[in-house]
Amino acid sequence: MVRPSVLVTRRWPAAVEQQLAQSYNVELNKSDRPLTPAEFREAIQRYDAVLPTVTDKIGPEALDVSKPQTKILANYGVGYTHIDVERAKTHGIAITNTPDVLSECTADLAMTLMLMVARRAGDGERELRAGDWSGWRPTHLVGTKVSGKTLGIIGFGRIGQEMAKRAHFGFGMKILVQNRSAVRPEILKKFNAVQVSSVDELLPQCDFVSLHCPGGAVNAKMINGARLDLMKPDAFLINTARGEVVDEAALAQSLMFETIGGAALDVFEREPAINPTLAQCDNLVILPHLGSATREARQAMGFRVLDNLNDFFEGKAPRDRVA
Ligand code: DGY
């Protein structure tokens, strides 16, 4: 039997690339340069499967073909709002993602950001590297205590729950949850968490707010100026979800005028570009989309794609089929 042809749009962990090459007729992207929409269009007319990731903007332009050869977009990553799902469905293209395997590492990074911004770790490191530290003093870089505070989690899927586990059991935090559907009582009970009915109800009650909801049009600019004004003046916002969930211009205003305590972001509206006003704010910690960036998670994500692909081409239902 002829092996299906597969295009991998970015470099992947070597072990996964090797395994893919053993089972499929694979084209690797050795240069690791993101594909343009035109290149993507060409790819879906040529390969049986395309394995994209968050840097591939698969909108109407990229999917504007009459007869795609591609039968499956097996996405490397849990979020897939970069794919125009409805358009892909009209072509009968299946879509899979990679949940579970990155939840712990993404929650670890959200905790990292929360601690960094509360304890002014970025300020401290900048000061040291600039050679400006004059020594210990009682008033130096005084931050905010994390332990025992209230954490609001928006989006209580797998990553949100991992965040709750760390915050509740590690830091004794009180957990409030906002989620689009009702969370099962036994799940809330695990973290002694309380679900509130809206984002507006959650924000004024929290010392920290961490975003773990999907991106895409439905949640675009969910955290806007009006909602930032609902936060306590010393509260912190953490975003490891998707950049579009936060209105960056509004956040820059809140940080500049110190109407909130600070923010910590791993994701941005126009990655890899950073809003220049935002970048000037000292009460902001920024990381370059590192949520799942561990050897373990990145390899597991690749093998999860491989599982989905194998199932699909063996005529079975891939476990992570989302469309
Ligand atoms: C994800 O899995 O969605 C991460 O953000 C990387 O794409």
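Sorting the segments 199-208, 233-242, 61-70 by their residues' average number of neighbouring beta-carbon atoms within 10 angstrom, most packed first, yields 233-242, 199-208, 61-70. The fewest-to-most ranking of ILE187, ILE286, ILE159 by surrounding Cβ atoms within 10 Å reads ILE187, ILE286, ILE159.
In order along the range 99-110, the phi-based Karplus estimate (6.51 cos²θ - 1.76 cosθ + 1.60, θ = phi - 60°) of 3J(HN,Hα) comes to x, 6, 5, 10, 4, 5, 5, 5, 5, 4, 6, 4 Hz; Gly and Pro are listed as x.
If we count every other residue with Cβ under 14 angstrom of ASP84's Cβ, Lys/Arg +1 and Asp/Glu -1, where does the sum land? Charge balance near ASP84 sits at 0. Based on Cα contacts under 8 Å between residues 6+ apart, the range 103-286 shows a relative contact order of 21 percent.
Each Lys and Arg adds +1 at its Cβ and each Asp and Glu adds -1 at its Cβ; summed about the Cα centre, the range 1-47 shows a dipole of about 20 debye. Using the rule -39500 (n - 2.57) for each DSSP H run of four or more residues, divided by the residues of the chain, the 222 nm mean residue ellipticity is -9000 deg cm²/dmol. When the inverse distances between all different Cα atoms of the range 103-286 are averaged and flipped, the Kirkwood radius reads 16.6 angstrom. Residue exposure proxy: PHE40, PHE268, ordered by other Cβ atoms within 10 angstrom of their Cβ from fewest to most, comes out as PHE268, PHE40. For the cross-link pairs LYS89/LYS165; LYS57/LYS190; LYS165/LYS316; LYS57/LYS232; LYS57/LYS174; LYS89/LYS316, which exceed 27 Å when the distance is taken from alpha carbon to alpha carbon? Among LYS89/LYS165; LYS57/LYS190; LYS165/LYS316; LYS57/LYS232; LYS57/LYS174; LYS89/LYS316, the Cα-Cα distance tops 27 Å for LYS89/LYS165; LYS57/LYS190; LYS165/LYS316; LYS57/LYS232; LYS57/LYS174. Computed from Cα atoms alone, the Kirkwood hydrodynamic radius reported for the chain is 21.0 Å. Rounded to whole numbers, the Karplus 3J(HN,Hα) couplings from phi for the range 294-305 are 10, 4, 5, 5, 5, 6, 4, 4, x, 5, 5, 4 Hz, using 6.51 cos²θ - 1.76 cosθ + 1.60 with θ = phi - 60°, and x at Gly and Pro. Each of LYS89, LYS174 was scored by other Cβ atoms within 10 Å of its Cβ. Listed from fewest to most, they are LYS89, LYS174.
Readers should treat all values here as calculations from the given coordinates under stated rules, not as data from a laboratory. What you see is a predicted model, and the numbers here were worked out from it, not measured in a lab. Cβ atoms come from the backbone with ideal geometry, glycine included; neighbour counts cover every protein chain shown.
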